[in-house]
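Step one of this worksheet: look at the structure below.
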Amino acid sequence: MAVRHILCTQCDLPLDVDETAKSVNCRHCNTRVITEAMVVAEYVAVRRFATANRMRITKKGIVYAAVRADALEVEGVLQGDVVSLSSIRIAKSAQVKGSLRGASLSLEPGATFVGDVAIGPEQVPRAEPTVDGALAREAAAREAAGR
Amino acid sequence: MADSISTKPEEFTTVIGPDAQFKGELTFQGAVRVDGQFEGSIQTSGKVFVSKGGKLKAEVKSGSVALEGQVDGNLTADDRVELRATAQLRGDVRAAKLLVVEGASFVGRCEVGPNLGAPGAPATRPADGVARPAAPPVAAARH
Ligand SMILES: [Zn+2]
């Protein structure tokens, strides 16, 4: 079983999940976190649309939601506030309105985007915490709790 | 994105050197390279390049902009705006195309699209029929 290090899409705390798992219950905040890659090719209107994996909104996809993903590609329509832990790619066929937060951004020539942006490595929680880092944090927390 | 703004030294007719501090308005034709500090406004149909050591506190209206340094201010480009890995931008961008490379940081408002950077378009006017998003900044989406 291969393990993937992710951040909970709700509380941003690190989780280790089976690479093949489709979802996991966050042990920190008890939220069910989707962990499978998503390809969206339909109309979606929800308050919040999140996965701790890649998300691709195809040309046929129309999404009205606050979106959170590890990496995001938009070829269709997206309206809402976006958080991507790594890259945001807006293809030339895309129409995006809302705010974007991510580590990097590329807008292909022809793409339309209107909204606020916060782009840069310091704008997002670190995508893949090292196991050592997570263990060290937990050890420190245990030590602090023990005193 | 295959193409990118060429920033070969010989292409720049105006250079604000690394030790230079310039305050004022710069209106000209051609390309300018800022290696030093510039405060004010820049207007050109050519390109503006702020190199790694360059600092700009300015309103920029130009054909294209390539950034490796720091900019505080609003950028309007008829064609493209490129934020390279070391770039730091605080301000708004209005352009036909935008590239923010991994490592670069950009906080501000953005209006990008084929019709948004068009020559002659007033820089400060919001795009027709496009309202500012009513939603608060992105942080809210994380809850
Ligand atoms: Zn959680």
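The values are calculated or read from the model by the stated rules, or taken from the named source; none is laboratory data. Keep in mind the model is a prediction, meaning the values are calculated, not measured. Counting neighbours? That spans all protein chains shown, and the Cβs are built from the backbone with ideal geometry, glycine included.
Points to keep in mind about this one:
- For segment A:41-62, the set of residues classified as in contact with a Gly (Cβ under 8 Å, 6 or more places away or on another chain) and within 15 Å of residue A:88 (Cα to Cα) consists of A:57, A:58, listed by residue number.
- Residue among A:63, A:67 that is at pLDDT 95 or above and under 11 Å from the mean Cα position of the chain (by Cα): A:67
- Residues within segment A:29-60 that are within 13 Å of the ligand (Cβ to nearest atom) and within 14 Å of another protein chain (Cβ to nearest Cβ), tallied: 5
- Within the option set A:16, A:12, A:81, being within 15 Å of the ligand (Cβ to nearest atom), within 14 Å of chain B (Cβ to nearest Cβ) and not small (Gly, Ala, Ser) holds for one residue only, A:12.
- Of all residues in segment B:28-56, those satisfying the criterion of being in a strand (DSSP E or B) and either of a type outside the set (A, V, I, L, M) or over 14 Å from the mean Cα position of the chain (by Cα) (or both) are B:28, B:33, B:37, B:38, B:39, B:40, B:41, B:43, B:44, B:47, B:49, B:55.
- Cβ-Cβ under 9 Å pairs, at least 6 apart or on other chains, segment A:93-114 side at positive phi and at the interface with chain B (Cβ under 7 Å from one of its Cβ atoms), far side among the hydrophobic types (A, V, I, L, M, F, W, C) and part of a loop (DSSP other than H, G, I, E, B): A:98/B:135; A:110/A:91; A:110/A:94
- Going through (1) surrounded by fewer than 23 Cβ atoms within 10 Å (Cβ to Cβ); (2) under 23 Å from residue A:84 (Cα atoms); (3) aromatic (Phe, Trp, Tyr) one by one, residue B:106 falls short only on (1).
- Residue among B:71, B:15 that is in a strand (DSSP E or B) and more than 24 Å from residue B:107 (Cβ to Cβ): B:15
- Flag if residue A:144 is surrounded by fewer than 20 Cβ atoms within 10 Å (Cβ to Cβ) and either under 21 Å from residue A:8 (Cα atoms) or at pLDDT 90 or above (or both): no
- Within segment A:19-28, considering residues that are surrounded by fewer than 18 Cβ atoms within 10 Å (Cβ to Cβ) and within 20 Å of residue A:126 (Cβ to Cβ), the one farthest from the other protein chains (Cβ to nearest Cβ): A:19
- Answer residue from segment B:45-75, given it is among the polar types (S, T, N, Q) and more than 17 Å from residue B:93 (Cβ to Cβ) and is surrounded by the most Cβ atoms within 10 Å (Cβ to Cβ) among those: B:51
- Of all residues in segment B:10-26 being touching a Ser or Thr at 6+ places or on another chain (Cβ under 9 Å) and of a type outside the set (Asp, Glu), the one that is nearest to residue B:62 (Cα to Cα): B:26
- The residue list B:44, B:27, B:14, B:86 contains one member that is at pLDDT 95 or above and either more than 14 Å from every other protein chain (Cβ to nearest Cβ) or under 27 Å from residue A:115 (Cβ atoms) (or both), which is B:86.
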